[in-house]
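Structure first, then comments.
The values are calculated or read from the model by the stated rules, or taken from the named source; none is laboratory data. Computed from a predicted structure; not experimentally measured. Quick reminder, even Gly has a Cβ in these numbers, built from the backbone with ideal geometry, and neighbours come from all protein chains shown.
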Amino acid sequence: MPELPEVETTVRGIAPHVIKQAIKQAIVRQPQLRWPVPENLNALLAGLAVESVSRRGKYLLFSLDAGTMIIHLGMSGSLRILPCGHPAGKHDHIDIELANETILRFNDPRRFGALLWTAQPPDEHPLLKSLGPEPLLSGFDGDYLYRESRARQTPVKSFIMDSHIVVGVGNIYANEALFMAGIHPSRHAGRISLARYDRLSKCIKTVLQDAIDQGGTTLRNFVNESGRPGYFKQQLRVYGRTGMPCRECLHSLEEIRINNRSTVFCKNCQT
Ligand SMILES: [Zn+2]
């Protein structure tokens, strides 16, 4: 599933190909995604130029003269840049044809992704307006997590995965950051000290930034004609390593379910 680092890498990968390009037309083959694609998408987009591409949480924001096209990759979505006329495959639901004879193609086998349009400032869109801060920006730190967590009974892992608290900390990154910070994933969010939240906020930034740095090497895949952009596998410390030895202390890693999500941790290192 594309997580924040993959979305960030996608933004960086496609931006040079679409910025300053006028849109010739939009072709929608399958409008039934997580939410319906606007029926008049072609009328909305044709003739407009892409001013910038950015990311908010896991949403890609294409800023155009008259509004913003919002894309979410869902569970299985991807975007690629291809030459105009490149044959469409089964799950290639939307093509945005650009003036430079290329297409931005949205592929999504499971169709949990979305393409939406807003003429309002994107931060005011219902999907975006209640999102928490970006984890890689300076507003996200130990003080913030400490303040937001007081009196909360929820497990710290669920707390940091709540997009109203902070965006983009998916299951893998929550597992990894909690291990790095030495915090047990079930511990009540409201019972963690400021010093530990300081450490946790730094670990969240580190795991996400490491993944983005690693993703940089896959940028060329966004203009590859065969296959999907390669989402990157990083060297994971705990996620997917149930029963294997902890890299710090060699104790066997344990797995529990929190919010029905796989949670792997070291009972010896995480308290
Ligand atoms: Zn350990």
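Structure notes:
- Segment 233-247, subset surrounded by 15 or more Cβ atoms within 10 Å (Cβ to Cβ) and not aromatic (Phe, Trp, Tyr), residue farthest from the ligand (Cβ to nearest atom): Gln234
- Residue satisfying condition, being at pLDDT 95 or above, exposed (fewer than 13 other Cβ atoms within 10 Å of the Cβ), of a type in the set (Val, Ile, Thr) and within 16 Å of the ligand (Cβ to nearest atom), within set Thr263, Thr271: Thr271
- Subset of segment 74-100 (residues that are farther than 22 Å from Ala43 by Cβ and surrounded by fewer than 16 Cβ atoms within 10 Å (Cβ to Cβ)): Met75, Pro83, Gly85, His86, Pro87, Gly89, Lys90
- Any hit, segment 77-98, residues being in a loop (DSSP other than H, G, I, E, B), among the aliphatic types (A, V, I, L, M) and closer than 22 Å to Thr9 by Cβ: no
- Spans of helices (runs of 4 or more DSSP H) in segment 132-237 with at least 2 residues closer than 25 Å to Leu250 by Cβ and modelled with pLDDT of 95 or more: 156-161, 171-181, 194-215
- Across segment 7-25, not a single residue is classified as in a strand (DSSP E or B), of a type outside the set (A, V, I, L, M, F, W, C) and either under 28 Å from Asp162 (Cα atoms) or without any contact (Cβ under 8 Å) to a residue 24 or more places away in the chain (or both).
- Flag if Ala43 is in a strand (DSSP E or B) and at pLDDT 95 or above: no
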